Amino acid sequence: MPNPSPVIVLTGTPGTGKSTHAQLLVNESPIPLRHINVGDWVKEKGLYEDFDEEWQSYTVDEDKLLDELEPVVAEGGVILDWHTCEIFPERWPDLVVVLRCDHTMLWERLEKRGYHLKKIQENNQAEIMEVVAEEARSSYPPEIVVELKSESTEDMEANVARIVEWINAWRRDHGQEN
(Lines give C-alpha, C1' and ligand atoms only; values in the text may rest on other atoms or scores of the structure.)
Protein backbone atom coordinates (compact mmCIF):
# COMPACT_ATOMS: atom_id res chain seq x y z
CA MET A 1 0.00 0.00 0.00
CA PRO A 2 1.45 3.41 -0.90
CA ASN A 3 2.36 5.85 1.85
CA PRO A 4 -0.31 8.39 2.86
CA SER A 5 2.45 11.02 2.87
CA PRO A 6 5.78 11.07 1.04
CA VAL A 7 9.11 9.79 2.26
CA ILE A 8 11.93 12.23 1.49
CA VAL A 9 15.59 11.33 1.78
CA LEU A 10 17.75 14.41 2.34
CA THR A 11 21.40 13.53 1.80
CA GLY A 12 24.74 15.15 1.11
CA THR A 13 28.28 15.39 2.37
CA PRO A 14 28.49 16.52 6.03
CA GLY A 15 28.21 20.30 6.17
CA THR A 16 25.91 20.77 3.17
CA GLY A 17 22.94 21.84 5.31
CA LYS A 18 20.80 18.70 5.55
CA SER A 19 19.50 19.22 9.08
CA THR A 20 18.82 22.92 8.55
CA HIS A 21 16.95 22.16 5.33
CA ALA A 22 14.98 19.41 7.09
CA GLN A 23 13.93 21.70 9.95
CA LEU A 24 12.84 24.44 7.53
CA LEU A 25 10.92 21.87 5.51
CA VAL A 26 9.11 20.61 8.62
CA ASN A 27 8.05 24.21 9.29
CA GLU A 28 7.06 25.05 5.69
CA SER A 29 5.48 21.79 4.57
CA PRO A 30 1.76 21.78 3.75
CA ILE A 31 1.53 18.39 5.49
CA PRO A 32 3.03 17.17 8.77
CA LEU A 33 6.52 15.78 8.28
CA ARG A 34 8.72 14.07 10.84
CA HIS A 35 12.43 14.88 10.63
CA ILE A 36 14.70 11.99 11.53
CA ASN A 37 18.38 12.82 11.80
CA VAL A 38 19.58 9.27 11.15
CA GLY A 39 23.01 9.86 12.70
CA ASP A 40 21.40 11.00 15.95
CA TRP A 41 19.01 8.02 15.87
CA VAL A 42 21.95 5.64 15.52
CA LYS A 43 23.54 7.11 18.66
CA GLU A 44 20.34 7.46 20.71
CA LYS A 45 19.04 3.97 19.96
CA GLY A 46 22.41 2.17 20.06
CA LEU A 47 22.17 1.08 16.42
CA TYR A 48 25.92 0.77 16.02
CA GLU A 49 28.59 -1.89 16.34
CA ASP A 50 31.35 0.27 17.77
CA PHE A 51 32.90 3.73 17.84
CA ASP A 52 35.82 4.50 15.53
CA GLU A 53 38.20 6.68 17.56
CA GLU A 54 40.28 7.71 14.55
CA TRP A 55 37.27 9.01 12.61
CA GLN A 56 35.26 9.99 15.69
CA SER A 57 32.20 8.22 14.29
CA TYR A 58 30.01 5.20 14.91
CA THR A 59 30.07 2.04 12.81
CA VAL A 60 26.37 1.66 12.03
CA ASP A 61 24.60 -1.69 12.38
CA GLU A 62 22.67 -1.32 9.12
CA ASP A 63 20.28 -4.22 9.78
CA LYS A 64 19.27 -2.81 13.18
CA LEU A 65 18.90 0.67 11.69
CA LEU A 66 16.68 -0.50 8.83
CA ASP A 67 14.56 -2.63 11.21
CA GLU A 68 14.10 0.42 13.44
CA LEU A 69 13.21 2.74 10.54
CA GLU A 70 10.91 0.36 8.60
CA PRO A 71 7.69 0.97 10.63
CA VAL A 72 8.33 4.73 10.70
CA VAL A 73 8.89 4.89 6.95
CA ALA A 74 5.80 2.72 6.36
CA GLU A 75 3.68 5.47 7.97
CA GLY A 76 5.08 8.04 5.51
CA GLY A 77 5.45 11.75 6.13
CA VAL A 78 9.11 11.46 7.05
CA ILE A 79 12.37 13.17 6.14
CA LEU A 80 15.39 10.89 6.50
CA ASP A 81 18.42 13.16 6.95
CA TRP A 82 21.77 11.40 6.57
CA HIS A 83 25.13 11.75 4.81
CA THR A 84 24.50 8.53 2.90
CA CYS A 85 21.42 7.09 1.23
CA GLU A 86 22.28 3.85 -0.52
CA ILE A 87 21.36 1.67 2.48
CA PHE A 88 17.70 2.69 2.23
CA PRO A 89 15.68 0.24 0.11
CA GLU A 90 14.71 1.59 -3.31
CA ARG A 91 11.01 1.26 -2.41
CA TRP A 92 11.28 3.70 0.53
CA PRO A 93 11.86 7.19 -0.88
CA ASP A 94 9.47 9.17 -3.02
CA LEU A 95 12.12 11.88 -3.39
CA VAL A 96 15.89 11.86 -2.86
CA VAL A 97 17.43 15.33 -2.46
CA VAL A 98 21.22 15.56 -2.68
CA LEU A 99 22.55 18.84 -1.29
CA ARG A 100 25.75 20.10 -2.93
CA CYS A 101 28.21 22.75 -1.76
CA ASP A 102 31.39 24.25 -3.13
CA HIS A 103 34.27 22.40 -1.48
CA THR A 104 36.04 25.53 -0.17
CA MET A 105 32.85 26.64 1.55
CA LEU A 106 32.36 23.10 2.85
CA TRP A 107 35.90 23.10 4.29
CA GLU A 108 35.12 26.27 6.27
CA ARG A 109 31.85 24.86 7.57
CA LEU A 110 33.53 21.66 8.77
CA GLU A 111 36.36 23.62 10.41
CA LYS A 112 33.75 25.63 12.33
CA ARG A 113 32.25 22.34 13.54
CA GLY A 114 35.64 21.37 14.94
CA TYR A 115 36.20 18.39 12.62
CA HIS A 116 39.80 17.15 12.61
CA LEU A 117 41.83 17.73 9.45
CA LYS A 118 41.65 14.15 8.15
CA LYS A 119 37.86 14.15 8.41
CA ILE A 120 37.61 17.55 6.68
CA GLN A 121 39.88 16.31 3.89
CA GLU A 122 37.89 13.09 3.43
CA ASN A 123 34.55 14.91 3.31
CA ASN A 124 35.92 17.52 0.89
CA GLN A 125 37.26 14.78 -1.37
CA ALA A 126 33.85 13.07 -1.24
CA GLU A 127 32.13 16.30 -2.29
CA ILE A 128 34.60 16.96 -5.12
CA MET A 129 34.24 13.38 -6.38
CA GLU A 130 30.42 13.57 -6.12
CA VAL A 131 30.37 10.45 -3.95
CA VAL A 132 26.95 11.06 -2.36
CA ALA A 133 25.38 12.28 -5.63
CA GLU A 134 26.69 9.23 -7.49
CA GLU A 135 25.43 6.94 -4.71
CA ALA A 136 21.95 8.47 -5.03
CA ARG A 137 21.97 8.27 -8.84
CA SER A 138 23.03 4.62 -8.78
CA SER A 139 20.58 3.58 -6.02
CA TYR A 140 17.28 5.17 -7.10
CA PRO A 141 15.32 5.90 -10.28
CA PRO A 142 16.58 9.12 -11.91
CA GLU A 143 13.13 10.74 -11.80
CA ILE A 144 13.16 10.86 -7.97
CA VAL A 145 16.75 12.12 -7.50
CA VAL A 146 17.40 15.86 -7.50
CA GLU A 147 20.64 17.71 -6.74
CA LEU A 148 20.33 21.16 -5.20
CA LYS A 149 23.00 23.77 -4.49
CA SER A 150 23.26 24.62 -0.77
CA GLU A 151 25.68 27.50 -0.39
CA SER A 152 23.59 30.41 0.90
CA THR A 153 20.43 31.30 2.78
CA GLU A 154 18.86 32.13 -0.60
CA ASP A 155 19.71 28.64 -1.88
CA MET A 156 18.19 27.08 1.22
CA GLU A 157 14.96 29.09 0.95
CA ALA A 158 14.66 28.31 -2.78
CA ASN A 159 15.34 24.61 -2.13
CA VAL A 160 12.71 24.38 0.61
CA ALA A 161 10.18 26.19 -1.61
CA ARG A 162 10.99 23.77 -4.44
CA ILE A 163 10.49 20.73 -2.18
CA VAL A 164 7.19 22.19 -0.88
CA GLU A 165 6.07 22.52 -4.53
CA TRP A 166 7.08 18.90 -5.06
CA ILE A 167 5.05 17.83 -1.96
CA ASN A 168 1.99 19.65 -3.34
CA ALA A 169 2.43 17.91 -6.72
CA TRP A 170 2.87 14.56 -4.94
CA ARG A 171 -0.37 15.15 -3.04
CA ARG A 172 -2.22 15.98 -6.29
CA ASP A 173 -0.80 12.89 -7.97
CA HIS A 174 -1.96 10.78 -5.01
CA GLY A 175 -5.44 12.33 -4.82
CA GLN A 176 -4.75 14.13 -1.55
CA GLU A 177 -5.13 17.78 -2.40
CA ASN A 178 -7.57 19.81 -0.33
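The values are calculated or read from the model by the stated rules, or taken from the named source; none is laboratory data. The model shown is predicted, which means the values in this text are computed figures rather than measured ones. Note: ideal-geometry Cβ built from the backbone for every residue, glycine included; neighbour counts use all protein chains shown. Only protein heavy atoms, including side chains, enter the accessible area calculation; ligands, DNA and RNA are left aside. Shrake-Rupley method; radii C 1.70, N 1.55, O 1.52, S 1.80 Å.
Summary of computed values
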item	result
Which listed residue, of GLY77, GLY17, GLY114, is more than 16 Å from TYR140 (Cβ to Cβ), modelled with pLDDT under 95 and of a type in the set (Gly, Ala, Ser)	GLY114
Selection count, the range 139-150, where residues are under 16 Å from the mean Cα position of the chain (by Cα) and either within 17 Å of GLY15 (Cα to Cα) or open to solvent by 60 Å² or more (accessible area, probe 1.4 Å) (or both)	4
Residues satisfying the stated conditions in the range 67-80, i.e. open to solvent by less than 60 Å² (accessible area, probe 1.4 Å) and within 17 Å of TYR48 (Cα to Cα)	LEU69
Residues being open to solvent by 30 Å² or more (accessible area, probe 1.4 Å), on the phi < 0 side of the Ramachandran plot and not basic (Lys, Arg) - total across the range 113-138	11
Residue list for the range 1-57, restricted to those being outside any helix (DSSP H, G or I) and of a type in the set (Lys, Arg)	ARG34, LYS45
Matching residues in the range 24-51 - criterion: being under 23 Å from ILE167 (Cβ atoms) and open to solvent by 30 Å² or more (accessible area, probe 1.4 Å)	LEU24, VAL26, ASN27, GLU28, PRO30, PRO32, ARG34, HIS35, ASN37
Residue in the range 47-70 that is within 21 Å of ALA136 (Cα to Cα), within 13 Å of the chain's Cα centre (by Cα) and not hydrophobic (A, V, I, L, M, F, W, C) present	no
